[in-house]
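The values are calculated or read from the model by the stated rules, or taken from the named source; none is laboratory data. Everything numeric in this text was worked out from a predicted model, so none of it was measured. Heads up, the Cβs are rebuilt from the backbone with ideal geometry, glycines too, and the neighbour counts pull from every protein chain shown.
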Amino acid sequence: MTLTTHIAKRFIFGLTLAGLTLGSSFSQTAHAAPVPPLVCGQQSDLALYWRWSPTSSPPRADNFTTTTDQGERDALAAGYRFVRIEGYVPWGCSPF
């Protein structure tokens, strides 16, 4: 199943949940044009940072995510602690 077909089926499922239909002329086996793959030059870590603020009113926890070195420095300077890498963000992508 192509990505486009997968997205189309999820869209149709959402319409069905909303009580809408596309009529009897629509076929669930319709084929969309293939989506060309992307070639990405680089990827960045999506880092999660966490901070507990007991002195705020009311006390609260806060999350911060970043992909940049500057964001990492800002998070550490603001008292956030590194938790984990949430995933990876591709950049520099172009159609294949």
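Within the range 57-69, restricting attention to residues that are part of a loop (DSSP other than H, G, I, E, B) and in contact with a strand residue (DSSP E or B) (Cβ under 9 Å, 6 or more places away or on another chain), which residue is surrounded by the fewest Cβ atoms within 10 Å (Cβ to Cβ)? Show your work before the answer.
Here is the first cut: in the range 57-69, the ones part of a loop (DSSP other than H, G, I, E, B) are 57-59, 67-68.
Subset that is in contact with a strand residue (DSSP E or B) (Cβ under 9 Å, 6 or more places away or on another chain): 59, 67-68.
Numbers: P59: 9, T67: 16, T68: 11.
Only one residue tops the list, namely P59.
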Just give me the residues in the range 67-83 being polar (S, T, N, Q) and at pLDDT below 95, in sequence order.
T67, T68
Single condition F26 does not satisfy, out of (1) of a type outside the set (D, E, K, R); (2) in contact with a helix residue (DSSP H, G or I) (Cβ under 6 Å, 6 or more places away or on another chain); (3) at pLDDT below 70
(2)
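In the range 84-92, is there at least one residue being touching a Gly at 6+ places or on another chain (Cβ under 8 Å) and either outside any loop (DSSP other than H, G, I, E, B) or at pLDDT 85 or above (or both)?
Filtering the range 84-92 down to residues touching a Gly at 6+ places or on another chain (Cβ under 8 Å) leaves 91-92.
Then drop every residue that is not either outside any loop (DSSP other than H, G, I, E, B) or at pLDDT 85 or above (or both), which leaves 91-92.
Yes, that holds for at least one residue.
Tell me, which residue of the range 70-96 that is acidic (D, E) and within 20 Å of the chain's Cα centre (by Cα) is surrounded by the fewest Cβ atoms within 10 Å (Cβ to Cβ)? I'd like the intermediate steps shown before the answer.
Pass one, the range 70-96, residues acidic (D, E): 72, 74, 86.
Now restrict to residues that are within 20 Å of the chain's Cα centre (by Cα): 72, 86.
Working: E72: 17, E86: 13.
The qualifying residue surrounded by the fewest Cβ atoms within 10 Å (Cβ to Cβ) is E86.
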